[in-house]
Amino acid sequence: MDRMFLFYDQNEDGAISFEEFVCALSVLVKDGRDEKLKFVFEGYDLDKKGYLVYKDFHDMFKAYFNVSIELVRDYIKGCEEEMRATFDETADKPVSSVFHAPIPNDVGSASGVDIKSLHQLRSGTGGSGGAQPLMEAMSQDAIDEMVANVFKCADLDADGKITFDEFKTWAVLDNTILAWFDALGTVF
């Protein structure tokens, strides 16, 4: 969230002026690829070194994941609140009637999935002793894989640093990074 704030607070005075807000929104909404790439690169260059390292990408991808999880949690909370507000507990309907898709009776049994073990893994109370929730552990692996992929494709001279030119070359060939950046515009 700090990086998102700094994206808007270009003069880093701790406040977002109207002009800064409008300029940042214009980058998110209408500016061309080159301008967006500049902002993305600067946003990822957390220490303002002029190049990106593994940790820069890892931290930003983890931040994307955390923001996404919070948005999903907020959405689910809103759905739950709406369901509670509209649920008629005096009606002769089962709770499952509020769901739009059928709930299978044999969840886990046919696939060999042990629901109790999954719950223990997710809550960090059992399984292999991991204290991380299952989703976070899976996301960590995915983040590591994504960062490794970025460096495999973008670090052309294999020096462990991605310069702006390398970043731009990679982003032109694989616009995923710009798609994520564009998606941030929908958050605001």
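The values are calculated or read from the model by the stated rules, or taken from the named source; none is laboratory data. From a predicted model like this one, the values you see are computed outputs, not experimental measurements. Glycine also receives a Cβ, built like all others from the backbone with ideal geometry; neighbour counts cover every protein chain displayed. With ligands, DNA and RNA removed, areas are computed over all heavy atoms of the protein, side chains included. Shrake-Rupley method; radii C 1.70, N 1.55, O 1.52, S 1.80 Å.
A few notes on this one:
- In region 70-93, residue modelled with the lowest pLDDT [restricted to those that are part of a loop (DSSP other than H, G, I, E, B) and open to solvent by less than 80 Å² (accessible area, probe 1.4 Å)]: 91
- Test for residue 29: is it open to solvent by less than 60 Å² (accessible area, probe 1.4 Å), of a type in the set (Val, Ile, Thr) and over 19 Å from residue 152 (Cβ atoms): no
- Residue ID - nearest to the chain's Cα centre (by Cα), chosen from residues in region 32-58 that are surrounded by fewer than 16 Cβ atoms within 10 Å (Cβ to Cβ) and in a helix (DSSP H, G or I): 55
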